[in-house]
Amino acid sequence: DVKVTQSSRYLVKRTGEKVFLECVQDMDHENMFWYRQDPGLGLRLIYFSYDVKMKEKGDIPEGYSVSREKKERFSLILESASTNQTSMYLCASSLTGHLYGYTFGSGTRLTVV
Amino acid sequence: DQQVKQNSPSLSVQEGRISILNCDYTNSMFDYFLWYKKYPAEGPTFLISISSIKDKNEDGRFTVFLNKSAKHLSLHIVPSQPGDSAVYFCAASEDSNYQLIWGAGTKLIIKP
């Protein structure tokens with residue numbers, strides 16, 4: 001069964017910590033995305049990547065960085081976690097071409113205390 | 001400025017009745033529209049899509065209608081079932097762009 005796997009379902013981190021969220025897809029998709037979901041705000045794009053070692057800023061990149069060293073893996077990094085980064089983080093992947101939509105992981109609920 | 005808008009944060013419908021979820025968009029370059037369904041603590045899952053060359057697409061209990069002149073699409077669920085209770089997201093993309101632009105979501109509650 002093809003899928004997108006996020007390494008953690010729940011994380012609790014302290015303010016100021018460096019946080020790594022990992023995402024792996026087994027569908028050979030070119031494109032990968034990181035979103036955060038907050039009540040009333042829907043899905044907001046943080047970063048995306050359309051190829052290995054390529055990255056593009058989304059709508060809310062501040063405080064985040066990403067890494068894509070291999071096609072199947074896309075990592076989101078919170079350089080210095082803050083309480084306003086408490087959120088549900090969703091990773092997605094897609095093939096190039098809009099016909100296919102996105103496949104999402106199950107999400108990581110991050111709490112920063 | 002939001003290009004895709006879901007103006008109803010929530011909707012409550014009796015089991016067995018029709019659920020209608022609405023979505024408006026402002027970008028006339030959008031030519032592909034998708035609906036996703038999301039349960040709590042899970043990622044969104046693809047539900048149904050429609051391209052701009054059509055005005056209706058049906059898949060079982062789910063039908064999506066597109067009105068290009070009004071820049072409006074809707075998702076109809078008939079009959080509504082308890083398992084349909086979830087957050088529904090509308091998304092859109094341009095032909096030349098692999099990015100999806102998302103609405104804020106509508107929480108659908110099916111009452112027994």
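The values are calculated or read from the model by the stated rules, or taken from the named source; none is laboratory data. Nothing here was measured: the structure is a model prediction, and the numbers come from that model. Backbone-built Cβ (ideal geometry, glycine too); neighbour counts: all protein chains shown. With ligands, DNA and RNA removed, areas are computed over all heavy atoms of the protein, side chains included. Shrake-Rupley method; radii C 1.70, N 1.55, O 1.52, S 1.80 Å.
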- [ ] Quote the accessible area belonging to A:LYS71 in square angstrom, nearest 10, computed with a 1.4 Å probe and with ligands, DNA and RNA left uncounted.
- [x] 70 Å²
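Within 10 Å of each Cβ of A:102-112, how many other protein chain Cβ atoms are there on average?
Working: counts 11, 4, 7, 2, 4, 6, 0, 2, 0, 0, 0.
Counting Cβ atoms of other protein chains within 10 Å of each residue's Cβ and averaging gives 3.
Give the shape of chain B as rounded, prolate or oblate, defined through the alpha-carbon gyration tensor: a ≥ b ≥ c are the square roots of its eigenvalues, a/c under 1.5 means rounded, and otherwise the shape is prolate if a/b is larger than b/c and oblate if not.
Working: a/c = 1.87, a/b = 1.57, b/c = 1.19.
Cα axes put chain B in the prolate bin.
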Task: Most positive-pole-ward Cα, B:VAL87, B:PHE33, B:ILE53, against dipole of the stretch B:7-96 from beta carbon charges - done: B:VAL87
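If you take each beta carbon of peptide B:34-41 and count the beta carbons of other chains within 10 angstrom, what is the mean? Could the numbers behind the result be given before it?
Details: counts 5, 1, 4, 0, 6, 1, 3, 6.
The mean count of partner-chain Cβ atoms within 10 Å per residue comes to 3.
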Task: Radius 10 Å from Cβ of A:TYR64, net charge of other residues (Lys, Arg +1; Asp, Glu -1) - done: 0
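Whole number please: convex hull volume per residue, Cα atoms of the protein assembly as shown, in Å³. Intermediate values should be presented prior to the final figure.
On the way: hull volume 27.6 nm³, N = 225.
About 123 Å³ per residue, rounded to a whole number.
Using a 1.4 Å probe on protein heavy atoms only, how many Å² of accessible area do B and A hide from each other, summed over both chains and rounded to 100? Kindly include the intermediate steps, with their values, before the conclusion.
Values: alone 6280 and 6370 Å², together 10960 Å².
Buried: approximately 1700 Å² between A and B.
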Open item on the list: Over chain A, what is the relative contact order in percent, taking alpha-carbon pairs closer than 8 angstrom and at least six residues apart?
Closed with: 36 percent
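Using a 10 Å cut-off around each Cβ of peptide B:99-109, what is the average number of partner chain Cβ atoms that fall inside?
Working: counts 10, 9, 3, 8, 2, 8, 6, 1, 1, 0, 0.
Other-chain Cβ atoms within 10 Å of each residue's Cβ, averaged: 4.
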Open item on the list: Compute and list, largest first, the equivalent-ellipsoid semi-axes of chain A from the alpha carbon gyration tensor, each √(5λ) rounded to a whole angstrom.
Closed with: 22, 14, 13
Task: Computed magnitude of the charge dipole of chain A (debye, nearest 20; Cβ of K, R +1, Cβ of D, E -1) - done: 300 debye
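With contacts defined as alpha carbon pairs under 8 Å and 6 or more residues apart, what's the relative contact order of chain B in percent? Intermediate results must be reported in sequence, preceding the final value.
On the way: 274 pairs, mean separation 41.8, N = 112.
Computed value for chain B: 37 percent relative contact order.
Charges at C-beta only: +1 for Lys and Arg, -1 for Asp and Glu. How large is the resulting dipole of the protein assembly as shown about its Cα centre, in Debye rounded to 20? Each step should come with its number before you reach the end.
Values: 26 positive and 25 negative charges, 112 e Å.
Dipole magnitude for the protein assembly as shown comes out near 540 debye.
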- [ ] Provide the per residue accessible area, probe 1.4 Å, for the stretch B:28-72, rounded to a whole number of square angstrom.
- [x] 52 Å²
Open item on the list: How charged is the neighbourhood of B:SER8? Take every other residue with its Cβ under 14 Å from the Cβ of B:SER8, and add Lys/Arg as +1 and Asp/Glu as -1.
Closed with: +1
